Amino acid sequence: MKPFTIELDNSSSRPLYVQLYDYLKREITRGNMTAGEKLPSLRRLAREQGISITTAAGAYNQLLVEGYIISRPQSGYYVAEVGSGAGGEGEAPENFDFDTYPFEEPEYKYDLSSFDFVKWKKCMAKVLTEHPDLLLSESDPQGERVLRHEISRYVYTSRGVRCTPEQIVISAGTQQLTNHLARIMRRMHIDHVATEDPGYLPVQSIFRDLGFGMTKIPVKEDGIVIEKLPVNIPSAVYVSPSNQFPTGSVMPVGRRYRLLEWARENNSIILEDDYDSELRYFGKPVPSLQGLDSGDHVVYFGSFSSTLFPAIKISYMILPPGMARIFGQIKKDYDQTCSKEEQLTLAMFMEKGYYYTNIRKLRNLYAQKLHAVLSAFEKYADGFVRPLNTRSGINITLQVHTALPPEELSRRAAQLAIHVSPVARLTHRETAALIFYYNQIPLEEIDSLIQAMVQSWRTGA
């Protein structure tokens, strides 16, 4: 990655992001930046050039729109193949309205009390001082074995998942793991995937982009409608049965056995995303599908994204033994996308019991926050807002009785640094519901922020 030599003129009437866009476009069209070359991350570019992330994002997003660069999920920005006929060295037109593009990801609230950074720092320091030799070797494409061992212990005690470390694959996110899984499925002659509707779009996009046949299956109060799943063809179904995103529905045990029966009868597999299953505040959690399965038909996905902190991107999947053997044959083709230092730190964090302590802390904290959220809506919304799925997870669904479109409600919430997202982004069906992420709002700010948000939603409603 070559450093940029950019002279940005703060005194110019031409906005900084337009100047940056002009520079990058010239470098690409002149051939000074070649196809496939990695660009600095937004944060790095902003830091190196002394500009805001908004400025950097403004330039990158227009280059994306025009096809000069591409974005790869969890990897970054790269120069696109633009060919010899790509438009000259012209600059952005003077009347181009960059403000019509939503460049900046809103800065939402973050609750620093939700994680024990002191103990994490101790574990990281111990890895660096006592085991520096481990950092001098290449990372295992499957993930560090010491972390896979800790994960196998954790999922058995918490979710009844039965596996060995050899069945676990670690990566920087569910999307990377899905790419690995797709290659395994091809070798098994499975080329059709059913997904929940509404559901987690990134996974759907990956399978669709890789050429898999896709079927959207509606979700009801007891989970995905099993009766609408494909029959008589080997296929896969992606489900989040313990806390369906975004509806929060929970699949009862009887329906889970029926789903396992479907997999056996159709020589198919179930991709179980156990999304936020640790964060349940009322009653006992329902057993995982993997723990109930006796026929090796379930691939289990887990993530630490909700229980650590956002900068740590460590996810894992647990493969049935036969699929794990296939991955063993192809893993040499992959690099490990997780930091080795972070994997070793997390393994020590778990081995010392700190992770389990943090989970208990989060359950208590988030239960208090959920109670505060529901109380605030009851106090200020007066039937204007109806909260749904209020038993687990880090978000709830809202029904707002207003003529304002969901995107406008989301925008107004973002102005208060509150993360609210329209459910319509996750489904082809028409819905005005919203996803409200309350987990990172400091407990003491919940009441006043919800009051302000409801007031902003009532304006013009």
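See the values below:
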quantity: Relative contact order [Cα under 8 Å, 6+ residues apart], region 116-352, whole percent; calculated: 27 percent
quantity: Difference of contour (0.36 nm per residue) and Cα-Cα distance, D9 to M188; calculated: 58.7 nm
quantity: Ascending count of other beta-carbon atoms within 10 Å, so fewest first, for S12, S205, S288, S306; calculated: S12, S205, S306, S288
quantity: L134 versus K361: modelled label distance in nm, points set 7 Å from Cα along the beta carbon direction; calculated: 2.2 nm
quantity: Contour minus Cα-Cα distance for S158 and A35 (0.36 nm per residue); calculated: 39.6 nm
quantity: Fewest-first ranking of H149, H428, using other Cβ atoms within 10 Å as the exposure measure; calculated: H428, H149
quantity: Cross-link partners of K119 among lysines (Cα-Cα below 16 Å; sequence separation of 8 or more within a chain); calculated: K352, K361
quantity: Mean Cα-pair separation over length for region 225-289, i.e. relative contact order, pairs under 8 Å, 6 or more apart, %; calculated: 43 percent
quantity: Approximate spin-label separation D296-E221, in nm, with each point projected 7 Å along Cα-to-Cβ; calculated: 3.9 nm
quantity: Efficiency of FRET between S375 and Q455 - r from beta-carbon atoms, R0 22 angstrom, step 0.05; calculated: 0.85
quantity: Sites Q415 and D209 - FRET efficiency at Förster radius 30 Å, r taken between beta-carbons, to 0.05; calculated: 0.35
quantity: Relative contact order of the chain, pairs being alpha-carbon contacts under 8 Å that are 6 or more residues apart, as %; calculated: 15 percent
quantity: Label zone at R72 (point 7 Å along Cα-to-Cβ), backbone N below 17 Å, region 137-155; calculated: 141
quantity: Charge dipole of the chain about the Cα centre (unit charges at C-beta), most positive-ward option of S235, T427, I151; calculated: I151
quantity: Distance between modelled label sites at V231 and T431, nm, 7 Å Cα→Cβ extension; calculated: 2.7 nm
quantity: Length released on extending from I330 to A403, taking residue separation times 0.36 nm less the Cα-Cα span; calculated: 21.0 nm
quantity: Cβ-based exposure ranking for D197, D296, D9, in which fewest neighbours within 10 Å come first; calculated: D9, D296, D197
quantity: Per-residue [θ]222 nm for the chain (sum of -39500 (n - 2.57) over DSSP H runs n ≥ 4, rounded to 500); calculated: -12000 deg cm²/dmol
quantity: Between region 1-62 and region 288-336, the alpha-carbon center distance in angstrom; calculated: 37 Å
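Taken together, the values in this text are just the output of simple stated rules run on the coordinates, not laboratory data. Keep in mind the model is a prediction, meaning the values are calculated, not measured. Methodologically, a virtual Cβ is constructed for each residue, glycine included, from the backbone with ideal geometry; neighbour enumeration extends over all protein chains shown.
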